[in-house]
1. Out of all the residues in the range 229-251, which are among the charged types (D, E, K, R) and touching a Cys at 6+ places or on another chain (Cβ under 8 Å)?
2. Pull out all pairs, ordered by first then second residue, where Cβ-Cβ is under 9 Å, the residues are six or more apart or on different chains, the first lies in the range 19-40 and is at positive phi, and the second is of a type in the set (A, V, I, L, M) and in a loop (DSSP other than H, G, I, E, B).
3. Of all residues in the range 395-432, count the ones that are in a helix (DSSP H, G or I) and over 12 Å from G366 (Cα atoms).
4. Could you say whether any residue in the range 146-158 is away from ligand 2 (no atom under 15 Å from the Cβ) and either outside any loop (DSSP other than H, G, I, E, B) or not hydrophobic (A, V, I, L, M, F, W, C) (or both)?
5. Quickly run through the range 414-445 and pick out the residues that are touching a strand residue (DSSP E or B) at 6+ places or on another chain (Cβ under 7 Å) and of a type in the set (V, I, T).
6. Against the definition (within 16 Å of ligand 1 (Cβ to nearest atom) and small (G, A, S)), how does S148 come out, yes or no?
7. Spot the failing condition for K321; the list is (1) in a helix (DSSP H, G or I); (2) over 20 Å from the mean Cα position of the chain (by Cα), and only one is missed.
8. Got a number for residues in the range 170-203 being free of Cβ contacts under 8 Å to residues at least 40 places away in the same chain, away from ligand 2 (no atom under 16 Å from the Cβ) and part of a loop (DSSP other than H, G, I, E, B)?
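The values are calculated or read from the model by the stated rules, or taken from the named source; none is laboratory data. Everything quoted here is computed from the prediction, not taken from an experiment. All Cβ positions, glycine included, derive from the backbone under ideal geometry; neighbour counts span all protein chains shown.
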Amino acid sequence: MSSSSIANSQKRILAHIALFPSAGIGHLLPFLRLAAMLASPGNYCRVTFIAVQPPISAAESNQLSTFFASHPHINRLDFHLPNPSHFADDDHDPFHARFRAISRSVPLLHPLLSSLSPSLSAIFADFAVATDTIGLAEDLSIPLYIVSTTSALFFSLMACLPDLTFQSKNVSHDIQLPGLASVPISSIPLPFFIPDHVFTAHIRLNVQYLQKAKGILHNCFDWFESETIAALNNGRVLPHLPPFLPIGPYKPYDQGVENAKAGSYLHWLDGQPDESVVYVSFGSRTALSKEQITELGNGLERSGCRFFWVLKTTKVDKDDKEEIQEVVGDSFLERTKDKGLVIKGWVSQEQVLGHPAIGGFVSHSGWNSVNEAALFGVPILAWPQHGDQKINAQVTEETGLGVWMRHWGWFGENLVKGEEIGEKIIELMRDKTLRVKAKKVKEEARKACEIGGSSHKTLQGIIEALK
Ligand code: UDP
Ligand code: UDP
């Protein structure tokens with residue numbers, strides 16, 4: 001934004017919105033994108049971004065610094081957790097433990113938010129801090145919008161969780177969610193079978209007072225999940241839910257001149273033919289087992305396709321110290337050097353998916369990744385690993401954006417052999433029908449975000465209501 005347009009919009013600021021994400025890059029990135037969208041010229045919004053400190057991953061710290069360097073007009077409010085590692089983590093997932101630590105620290109935000117000038121018009125808070133933030137918004141006498149970071153179908157499952165009991169994952173049957181498509185029992189996240197598990201207990205807590213929120217913001221567009229969104233909005237899933245508001249896919253934001261400089265992988269992609277490369281990534285916090293990594297490497301090699309593989313061996317990036325050669329072996333790298341590129345570390349996924357050389361995406365179907373694939377029309381081979389990902393994969397397949405390898409199971413269920421992986425990658429890269437369907441999804445996503453499109457209109461309506 002130029003300095004004159006910033007000065008101009010500051011004169012006319014009419015709504016002041018605080019954005020409050022929870023832990024993990026999968027939560028931070030959509031909030032940063034939303035912040036940039038809200039604070040764009042013409043919206044006349046002031047945005048205060050609550051940056052929880054310290055972040056768990058290096059990726060979160062880096063994204064925060066680069067974002068604020070290129071968005072000086074957004075007010076950064078650092079929120080230092082008094083005791084970030086205090087809460088015991090019974091599933092050894094530092095992100096889940098951090099969800100709780102953030103939730104319990106919410107009362108400390110009150111003095112920071114009540115002293116802001118101009119005073120706040122609303123808080124947009126992560127579903128993972130919903131219950132605690134409702135009290136905060138009530139104290140400040142402002143509306144709260146909940147920001148969902150998952151599919152509408154998984155959100156529906158979470159909303160119904162207090163009324164559901166899952167006995168055994170070994171009995172094969174479907175779960176019929178009220179008013180919705182059925183979900184196979186094998187798609188239910190394993191922690192949901194343990195009622196006092198930290199993941200399950202935290203979600204149950206957060207659905208308790210959903211009806212007190214003014215609305216639920218959804219990173220997706222109406223066309224993609226229209227039946228589920230309609231069921232949520234007409235009370236078929238649960239009575240008294242606030243409006244479920246699709247306002248995505250959130251647009252990648254301008255990273256500024258400094259950070260737009262291309263990584264070496266982008267130069268490598270520049271040298272590859274259009275739609276010839278399969279991109280393989282399981283998001284920011286999923287490491288496959290060593291055996292599975294070997295089989296995946298084997299599959300990529302067997303496929304004979306060009307590939308760009310982002311490798312992870314730990315949940316938290318700061319712990320990931322192994323060299324690529326130690327993980328996949330020098331001989332693999334030597335044999336595949338003309339066909340593939342393996343990277344360890346952060347890549348700009350939106351730039352990768354937007355690159356013309358990319359023709360397919362082997363993905364864990366994290367919700368942000370699904371939306372990015374939709375925005376760029378890249379067909380997905382969905383290989384979910386945990387949490388909401390099987391249900392996201394179901395949605396992805398139903399829309400035609402991808403195919404879901406159901407029988408591959410998720411983390412720890414099966415060791416999928418390289419032979420089969422290779423065959424499926426060939427099918428993905430040759431499937432012209434899927435490519436056409438993915439392009440159609442891209443068209444619909446772009447239509448929704450254009451001026452007058454469904455997501456654009458919904459977001460404008462929310463902003464107008466706050467003025
Ligand atoms: N991401 C990225 N580069 C990486 C790893 C992840 O840009 O090297 C981004 C990706 O584009 C997405 C987010 O991080 O926006 C990950 O969110 P997602 O919901 O896909 O999965 P999660 O990491 O939460 O499992
Ligand atoms: N979630 C939550 N509390 C928890 C764990 C998860 O509210 O303790 C929600 C979170 O908002 C996310 C969904 O459950 O949308 C799936 O969580 P998961 O950990 O699988 O994925 P994440 O989005 O954190 O990568």
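1. Of the range 229-251, the ones among the charged types (D, E, K, R) are 236, 251.
Selection gives K251 alone.
2. Listed by first residue and then by second, the contacts come to G24/I56.
3. Step one: filter the range 395-432 for residues in a helix (DSSP H, G or I), giving 395-399, 406-408, 418-430, 432.
Going one step further and asking which of them are over 12 Å from G366 (Cα atoms), we end up with 397-399, 406-408, 418-430, 432.
Of the residues in the range 395-432, 20 are in a helix (DSSP H, G or I) and over 12 Å from G366 (Cα atoms).
4. Step one: filter the range 146-158 for residues away from ligand 2 (no atom under 15 Å from the Cβ), giving none.
Scanning the range 146-158, I find no residue that is away from ligand 2 (no atom under 15 Å from the Cβ) and either outside any loop (DSSP other than H, G, I, E, B) or not hydrophobic (A, V, I, L, M, F, W, C) (or both), so the answer is no.
5. Once the filter is applied, which keeps residues that are touching a strand residue (DSSP E or B) at 6+ places or on another chain (Cβ under 7 Å) and of a type in the set (V, I, T), the range 414-445 yields only I425.
6. Values: within 16 Å of ligand 1 (Cβ to nearest atom): yes; small (G, A, S): yes.
Judged against the criteria, S148 is a match.
7. (1)
8. 4
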